[in-house]
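Working notes, structure below.
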Amino acid sequence: MECSVDRLAQRSYDLVVIGGGIAGAFAAWDAALRGLSVALLERADFGGATSANSQRIIHGGLRYVQSLDLARMRRSIRERRALLRIAPHLVQPMPCLLPTSHRGMNRRRVLDIACRLNDLISTDRNRFVDDPQRHIPPARMISREECLRLVPGIRAEGLTGGAVWYDAQVRSAERLVLACVDAATKSGAVAANYVEVVGKTSFDGQGLRLVVEDRLAGRRFDLQARMVLNAAGPWVAQVLSRCQVRAPDRLPREWVKGTCLVTRSLTNGVALALAAVEAVHARGLLFITPWNGQALVGTTYRAHRDGPDACQPTEAEVDELLRGVNTAYPAAQLRRSDVCRVHVGLLPAEHGRLCRDDSLVDHRQVGGPEYLLSMVGVKFTTARALAQRAIDRVCARLDRSRCSTTETTPLPGGRIDSMSALVDGVLQSRPASMAVDSMCYLAETYGAEYPRVLRYVAADPRLAEPVVGSTRVPKAAIVHAAREEAARTLSDVIYRRTELGAWGAPCSSTLRECATLMAGELEWGAQRIEYECHQAQRVLSQPDAPVSESLVAMA
């Protein structure tokens, strides 16, 4: 992946995408595939905000059966299928269990009908998904005894059985975003992280000139574009203000903070959906999903009024979610010490509740500038479809007629017929110096592009060794992230390029070893290494900590 700040100012663009979350990354890739010249700008790291803090469920929309919202359900099924098809190394089916009882919408008969409707509406759910391991099986009803075997700690009182259906899970939301950025640059886009739009200087009817700043180097330059797609998520209004554009009423003006906990493992490979206590406000269901040997618990939604840079979890919110889990699932017996990480992200809301649909605004249609579109997504699942709609509008404005192909084009690493065959091939090509766990990690993380990391091991066998504190992540992955994946800070590598920070802040030895490896690639000095280690340790408590203005002097 070629991400270069220096290349940004060397040309003008058909489209500048502001915001490198999942929707913006998909949009940049889609536009580049259609032949547009594209620049993708991200003020921090790619996928580092809400996109990295989801519960990692790719929903097929089963709950929409209750409201008979079949259009939303079909859209979700289509997008789940697309992700299983284009990123089979990162997205996989996940069984989900909803216990049945004698009352309400959880009655066995009601859920049986819902499951049958789900299967009927999703008969094409596996069409063109080549790998049978990535197929979504049909839903089924199970007995009370089987339910207790699946999740032994489930409350037995009033239990009549359960409904089992399948959704999908993205193993690493961060790497899926990165794969989209990689795909965009391979298709001709120019992408840069830690680059922020700070103003607009002119518009002449043919295009505009944006003022952008490299936040790590502290320098500003101009960028020329015919059109701009504002995909800045919670920062969407801030971007409009800097471009001297009034935010239209059709864009969200409220935000809710979604909170999800990473805890010790709670279920045996199945996602558990439970009725949430009312105080938790988890939209009726609380999900406990298995993830990398741990559990993800959530998601709760709370009104957020302090601006996007102040989105941090509070101890009260964590404690409230713990109480909710322990009430709905007493066998969990979770304590604060069981929580190793808290994911928080901002989502659009209306009247204090999470928005139902994504927003796409053509500012020309609401009396604004003709060069500008804004979009705000609600679901990680439907980000690709939202991006496609936005680029359809851009192409119509620029008189380009090519259709989107992101629904069927594999992402880098995703050209895989069989995941099990890939793993077998990876193990067969294992260098003698490399652990089996590390080879499996390469297959799961990079898919068919794992040889890109093995090249470093061939050049320096010492890079086959796992990073201190890990049994899976080889040192070669750190070098690869710095050299080819636009990792510009230690936190980028720890929390978004590898799994080293998935369960909380790594130990100081891990941080120092990774920083030293990066220093050899990015020419960091001793002072910069110390700074990066300090920032990586505090990032979990202050995810939007300001970037130092003196990094250039530390290099």
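Please figure out what share of the DSSP beta bridges in the chain is antiparallel and state it in percent, rounded to the nearest 5. Walk me through the numbers before you get to the answer.
Details: 64 of 84 bridges.
Counting only bridges with both partners in the chain, antiparallel ones make up about 75 percent.
Provide the packing ranking of 347-355, 265-273, 297-305, i.e. peptides ordered by the mean count of other C-beta atoms within 10 Å per residue, highest first. Present the calculation step by step, with values, prior to reporting the outcome.
On the way: 347-355: 16.1, 265-273: 18.8, 297-305: 20.3.
Ranking, from highest mean packing down: 297-305, 265-273, 347-355.
If amide hydrogens are placed 1.01 Å from N in the peptide plane, which non-local residues have theirs closer than 5 Å to the one on GLY199?
HN-HN under 5 Å from GLY199: VAL211.
In whole Hz, with x marking every Gly and Pro, tabulate ³J(HN,Hα) for region 409-426 from phi via Karplus 6.51 cos²θ - 1.76 cosθ + 1.60, θ = phi - 60°.
8, x, 6, x, x, x, 7, 10, 7, 8, 5, 5, 5, 5, 4, 4, x, 4
So if R0 is 25 Å, what FRET efficiency would ASP6 and VAL198 give, r being the distance between their Cβ atoms, rounded to the nearest 0.05?
On the way: r = 18 Å, r/R0 = 0.73.
Computed FRET efficiency for ASP6 and VAL198 comes out at 0.85.
Cut-off 15 Å, label point 7 angstrom out along Cα-to-Cβ of LEU68: give me the residues of region 102-143 whose amide nitrogen falls inside.
114, 117-118
When the Cα centres of region 357-432 and region 179-246 are compared, how far apart do they sit, in Å?
Spelled out, the Cα-based centre of one part sits 19 Å from the other.
Tell me, what is the Rg over Rh of region 375-528, with Rh the Kirkwood radius over Cα pairs? Working shown, then result.
Values: Rg = 18.8 Å, Rh = 17.7 Å.
Across region 375-528, the Cα-based Rg/Rh ratio is 1.06.
I want the local charge near ASN126. Using Cβ-Cβ distances under 13 Å, sum +1 for each Lys or Arg and -1 for each Asp or Glu among the other residues. Numbers along the way, then the final one.
Working: positive: ARG78, ARG80, ARG81, ARG85, ARG125, ARG127, ARG134; negative: ASP119, ASP124, ASP130, ASP131.
That sum, taken over residues with Cβ under 13 Å, equals +3.
How would you rank 421-433, 378-390, 36-48, highest first, on the average number of other Cβ atoms within 10 Å across their residues?
Numbers: 421-433: 13.8, 378-390: 24.2, 36-48: 26.2.
Highest to lowest by the protection proxy: 36-48, 378-390, 421-433.
Peptides 183-196, 132-145: what's the order by average Cβ count within 10 Å, highest mean first?
Working: 183-196: 23.1, 132-145: 15.6.
The densest-packed peptide leads the list: 183-196, 132-145.
List, in order, the whole-Hz ³J(HN,Hα) value for each residue of region 143-148 obtained from phi through the Karplus relation with A = 6.51, B = -1.76, C = 1.60 and θ = phi - 60°; use x for Gly and Pro.
7, 4, 5, 5, 4, 5
May I ask you to compute the full-extension gain from PHE128 to ILE113, defined as 0.36 nm times their residue separation minus their alpha-carbon distance, rounded to one decimal in nm? Present the calculation step by step, with values, prior to reporting the outcome.
Values: separation 15, 0.36 × 15 = 5.40 nm, distance 2.72 nm.
Separation in residues times 0.36 nm, less the Cα-Cα distance, equals 2.7 nm.
What list of ³J(HN,Hα) couplings, whole Hz, do you get for region 331-341 from phi and the Karplus terms 6.51, -1.76, 1.60, once you set θ to phi - 60° and write x for glycine and proline?
Along region 331-341, the couplings run 5, 4, 6, 6, 10, 4, 5, 7, 8, 9, 7 Hz.
So what is the 222 nm mean residue ellipticity for the chain from helices alone, if each DSSP H run of at least 4 adds -39500 (n - 2.57) and you divide by all residues, rounding to the nearest 500 deg cm²/dmol? Please report the intermediate quantities before stating the final value.
Numbers: 16 runs with 176 residues, N = 555.
Rounded to the nearest 500, it is -9500 deg cm²/dmol.
Work through the residues other than CYS533 whose Cβ is under 13 Å from its Cβ and net out their charges, Lys, Arg +1 and Asp, Glu -1. Kindly include the intermediate steps, with their values, before the conclusion.
Values: positive: ARG512, ARG528, ARG538; negative: GLU513, GLU530, GLU532.
The answer is 0.
Shape call for region 167-284 from the C-alpha gyration tensor, a ≥ b ≥ c root eigenvalues: rounded (a/c under 1.5), prolate (a/b greater than b/c) or oblate?
On the way: a/c = 2.80, a/b = 1.79, b/c = 1.56.
Note, shape of region 167-284 comes out prolate.
Can you tell me the length gained on complete extension of the stretch ARG400 to THR327, counting 0.36 nm per residue apart and subtracting the Cα distance? Walk me through the intermediate numbers first.
Values: separation 73, 0.36 × 73 = 26.28 nm, distance 5.54 nm.
That works out to 20.7 nm of additional length.
Pulled fully out, how much extra length does the chain show between ARG219 and ARG353, if you take 0.36 nm times their separation in residues and subtract their Cα-Cα distance? Walk me through the intermediate numbers first.
Working: separation 134, 0.36 × 134 = 48.24 nm, distance 4.00 nm.
Length gained between ARG219 and ARG353: 44.2 nm.
All other residues with a Cβ under 15 Å from the Cβ of GLN333 taken together, and with Lys, Arg as +1 and Asp, Glu as -1, what is their net charge? All intermediate terms of the calculation are to be shown ahead of the outcome.
Values: positive: ARG155, ARG264, ARG323, ARG335, ARG336; negative: ASP319, ASP338.
Net charge around GLN333: +3.
For Rg and Dmax of the Cα atoms in Å, the listed values are [x] 23.1, 71; [y] 23.9, 79; [z] 30.1, 97; which was obtained by calculation from the structure presented?
For Rg and Dmax of the Cα atoms in Å, the calculated option is [x].
Using amide H atoms built 1.01 Å from N in the peptide plane, name the residues 5+ places from GLU254, or on other chains, whose amide H lies under 5 Å from its own.
ALA349
What spacing in nm lies between the two simple spin-label points modelled at THR471 and ARG336, each 7 Å away from Cα in the Cβ direction?
Here the answer is 3.1 nm between the modelled labels.
Long-range amide H contacts for ALA168: which residues qualify at under 5 Å (H placed 1.01 Å from N, peptide plane, sequence gap of 5 or more or a different chain)?
Close amide H contacts, sequence-distant or interchain: ILE58, GLY60, MET94.
Rule-based calculations on the coordinates, nothing more; no lab input. As the structure is a prediction and not an experimental result, all values here were calculated from the model. Glycine gets a Cβ as well: all are built from the backbone with ideal geometry, and neighbour counts include every protein chain shown.
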